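The values are calculated or read from the model by the stated rules, or taken from the named source; none is laboratory data. Only a predicted model underlies this, so the values are computations on that prediction, with no experimental measurement involved. All Cβ positions, glycine included, derive from the backbone under ideal geometry; neighbour counts span all protein chains shown.
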Amino acid sequence: MSRKLPSLLRQPFEAGLSKLLQPEGTGPDDFRFPEGEAALTTPDSVSWRVFKNPVSVFIGGVAAVLLELAEPGVRSGVWLHSSFRERPVERLRRTGYAAMMTVYGPRSRTEALIAGVTRRHGQVNGVAPDGRAYSATDPKLLDWVHATASFGFLEAYHRFVDPVPLPDRDRFYVEGQPAARLYGALSVPSSEADMAALLVRMAPRLEPSDVLHEFLRIVRVMPALPPALRPMQRLLVAAAVMVLPAGLRDRLDLAGAATLSPWQEGLVRHVGAAMDHLVLRNHPAVQACRRLGLPDDHLYG
């Protein structure tokens, strides 16, 4: 059953969410217009259901970045060529906005956004610490980035919001393929089994580093979440580490960062489940529903 916030709470909570998902120069209208224009995925997709939840999106995004930074080429491209260390919230907003646009945005705006991202990727290249050259346009690195994002968001929702049946989990990976191709990823998982096999193949290339721990330190304390959820931020970061397979947590020296007591894990699940039924009028999911003539609570039953 969908829920709406009391009027006294709605404005500050939605304002906080807007700051998280809307970088300067963007806004809800990016998802609201042109009226009737389809997105890359449909309103009945698993993706629309998963990405509407701000709690699991935060958890899954952190988990995805941990897996990305564990790969030397991706780590060098992200850490050396981005503003994350200096302006982490700004970078988080841009990344979150891109993810929301890829799922909910009108196709014309989404394709323009992705084209801009790929142009900027063309300027990111160098030599990783292991001596191998890297480029942000390398399809193999793009495959890994896309796959880890899909894995993180899906696993976070499955574990901390609502279990996703295996057929829907497979469908989720298929739904992400059109966007992956636009970004330049050519061979991304099309099922849960594909993703599991990819994690096994990639494990020898993944390595611990100080960057992983610096990233966790930053996301624990940066003012990322709306004030009402900020006391939980450290718990959500620990939940993100828990999303990683246990063997990879050990390999990446992150086992100590996955420290949630049973009651804390239960609290994260409770908040995640509650947020899954909370209609936030300025959320991209709601704005996209309005664009397509659907009721605000279409995804929140």
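Quick look at the numbers
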read-out	value
The lone exception for Val200 - which of (1) closer than 30 Å to Asp130 by Cα; (2) assigned to a loop (DSSP other than H, G, I, E, B); (3) over 17 Å from the mean Cα position of the chain (by Cα) it fails	(2)
All helices (runs of 4 or more DSSP H) inside segment 10-70 with 2 or more residues being modelled with pLDDT under 95 and not acidic (Asp, Glu)	54-69
Condition check for Glu86: in a helix (DSSP H, G or I), out of contact with any strand residue (DSSP E or B) (no Cβ under 8 Å at 6 or more places or on another chain) and either aliphatic (A, V, I, L, M) or at pLDDT below 95 (or both)	no
Any chance Arg281 is of a type in the set (Lys, Arg) and either in contact with a Lys or Arg (Cβ under 7 Å, 6 or more places away or on another chain) or buried (at least 16 other Cβ atoms within 10 Å of the Cβ) (or both)	no
Conditions (1) buried (at least 17 other Cβ atoms within 10 Å of the Cβ); (2) in contact with a helix residue (DSSP H, G or I) (Cβ under 7 Å, 6 or more places away or on another chain): number failed by Pro223	(1)
Selected residue (only one of Ser209, Ser261 is hydroxyl-bearing (Ser, Thr, Tyr) and in contact (Cβ under 8 Å) with a residue 60 or more places away in the chain)	Ser209
Test result for Tyr97, touching a strand residue (DSSP E or B) at 6+ places or on another chain (Cβ under 7 Å) and touching a residue at least 12 places away in the same chain (Cβ under 8 Å)	no
Subset tally (residues that are over 17 Å from the mean Cα position of the chain (by Cα) and surrounded by 15 or more Cβ atoms within 10 Å (Cβ to Cβ)) for segment 165-180	3
Wholly enclosed helices (runs of 4 or more DSSP H) of segment 110-190 bearing at least 2 residues among the polar types (S, T, N, Q) and under 18 Å from Ser56 (Cα atoms)	139-160
Condition check for Asp253: on the phi > 0 side of the Ramachandran plot, outside any helix (DSSP H, G or I), in contact (Cβ under 8 Å) with a residue 24 or more places away in the chain and not small (Gly, Ala, Ser)	yes
Yes/no for Glu90 being touching a residue at least 12 places away in the same chain (Cβ under 8 Å), surrounded by 17 or more Cβ atoms within 10 Å (Cβ to Cβ) and not polar (S, T, N, Q)	no
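To keep it simple, each residue is scored yes or no on (1) on the phi > 0 side of the Ramachandran plot; (2) among the hydrophobic types (A, V, I, L, M, F, W, C); (3) crowded, with 18+ Cβ neighbours inside 10 Å.
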{"residue": "Gly25", "(1), (2), (3)": "yes, no, no"}
{"residue": "Glu35", "(1), (2), (3)": "no, no, no"}
{"residue": "Leu40", "(1), (2), (3)": "no, yes, yes"}
{"residue": "Phe51", "(1), (2), (3)": "no, yes, yes"}
{"residue": "Val57", "(1), (2), (3)": "no, yes, yes"}
{"residue": "Val62", "(1), (2), (3)": "no, yes, yes"}
{"residue": "Ala70", "(1), (2), (3)": "no, yes, yes"}
{"residue": "Val74", "(1), (2), (3)": "no, yes, yes"}
{"residue": "Gly77", "(1), (2), (3)": "no, no, yes"}
